[in-house]
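S.K.: One structure is given below, represented as structure tokens, and several questions about it will come after.
Just so it is clear, none of the values below were taken in a lab; they were calculated from the coordinates. All values reported here derive from a predicted model rather than from experimental measurement. Reconstructed Cβ throughout: ideal geometry from the backbone, glycine too, with neighbour counts over all protein chains shown.
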Amino acid sequence: MKKQPPERVSQNEIIFKVEELEPLLSPPPMDLKPWTPMYLELKNGAKLVIRQMKKEEVPALLPFIKKFMDVDHDFYDIVGARVYAEILGWYRNRLKDPYVFVGIVDGELAAIANGRIMDEDINISLHTMAFKRGVKAGAAMYYAKCYYAFEVLEQNEFWATYESYNGFKRWGIGMAQPSYPWPEYQHELGGAKVFYVTKKYWDTSIKKYLEDYLGTTFKSPVPEDLLRSAENFKIPSEPNV
């Protein structure tokens, strides 16, 4: 779009440096409490360490996540595409106040979970992906996101939506999550219906539901040897779907 200036100007061209533009494109982060590494024992006896992902780990993870885009069942393709974009958006500073957790068992990546902070009151759940099957690693990561929202950040609400029937059955229906009226309220994942958990609901029901489902609770601090085993992780070669 072009339009002639209403005043005579001494410079017909003004050049910006990219470091002057970047603050406008990457909003300043909120001052958020970090997730302190925790662990829990899975149903097979293995110990799952959950920590925040490091940005330098993103380039190695993205090719693996990309493979899910070619899986044509159970909505893995759209979940893969969206998770790829979300993690890349975090890596490129184009996502407001995101968080990404990795779950590691014996030095291997078992699951990831991510979300972002809308504001001081609302935590937006984005996705949870489990790569180690049959040990409830995905449930542990969902528990971690809720725990982060209500116990660490002390927020009032946790918003979720669902692409897959399995996820909706386990968390939306299993946790009896109420929903806000649509379309007045929309989740940012495609404008879908918002299902939510409040702090009161977490305290009175949901925290116990998740702990009973997992059969365990978070433990902290993580023993030094266990924490060292989670400093780096091996990425699966192929999706286990």
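S.K.: Which pairs do you get when a residue that is without any contact (Cβ under 8 Å) to a residue 60 or more places away in the chain, found in segment 156-172, comes within reach of a residue that is assigned to a loop (DSSP other than H, G, I, E, B), reach meaning Cβ atoms under 6 angstrom, with the pair 6+ apart or on two chains?
M.R.: Sorted first by the residue in segment 156-172, then by its partner, the pairs are ASN156/ASP121; TRP159/VAL194; THR161/HIS187; THR161/LEU189; THR161/ALA192; PHE168/TYR162; GLY172/TYR162.
S.K.: All but one of (1) surrounded by 19 or more Cβ atoms within 10 Å (Cβ to Cβ); (2) of a type in the set (Ser, Thr, Tyr); (3) touching a helix residue (DSSP H, G or I) at 6+ places or on another chain (Cβ under 9 Å) hold for TYR148; which doesn't?
M.R.: The one condition TYR148 does not meet is (3).
S.K.: While we're looking at this one, here's another question. Give the number of residues within segment 190-219 that are closer than 20 Å to GLY115 by Cβ, assigned to a loop (DSSP other than H, G, I, E, B) and not hydrophobic (A, V, I, L, M, F, W, C).
M.R.: 3
S.K.: Then there is this: For residues that are in a loop (DSSP other than H, G, I, E, B) and surrounded by 10 or more Cβ atoms within 10 Å (Cβ to Cβ), tally how many sit in segment 1-32. Reasoning before the result, please.
M.R.: Taking segment 1-32 as the starting set, the residues that turn out to be in a loop (DSSP other than H, G, I, E, B) are 1-17, 26-32.
Narrowing the set further to residues that are surrounded by 10 or more Cβ atoms within 10 Å (Cβ to Cβ) leaves 26-27, 29-30, 32.
The total comes to 5.
S.K.: Which of the residues belonging to segment 162-181 are exposed (fewer than 13 other Cβ atoms within 10 Å of the Cβ) and either under 15 Å from ALA192 (Cα atoms) or within 19 Å of the chain's Cα centre (by Cα) (or both)?
M.R.: Across segment 162-181, the qualifying residues are TYR165, ASN166, PRO178, PRO181.
S.K.: Something else: Does GLY107 qualify as being within 30 Å of PRO27 (Cβ to Cβ) and either of a type outside the set (D, E, K, R) or buried (at least 16 other Cβ atoms within 10 Å of the Cβ) (or both)? Give the steps one after another, and end with the answer.
M.R.: Values: within 30 Å of PRO27 (Cβ to Cβ): no; either of a type outside the set (D, E, K, R) or buried (at least 16 other Cβ atoms within 10 Å of the Cβ) (or both): yes.
Answer is no for this residue.
S.K.: Six or more apart or on different chains, Cβ under 8 Å: which pairs go from a residue in segment 27-45 that's in contact (Cβ under 8 Å) with a residue 24 or more places away in the chain to one that's among the aromatic types (Phe, Trp, Tyr)? Could you list them?
M.R.: Partner pairs satisfying both residue conditions: LEU32/TYR99; TRP35/TYR99; TRP35/PHE101; TRP35/TYR148; MET38/PHE218; TYR39/PHE218; LEU40/PHE218.
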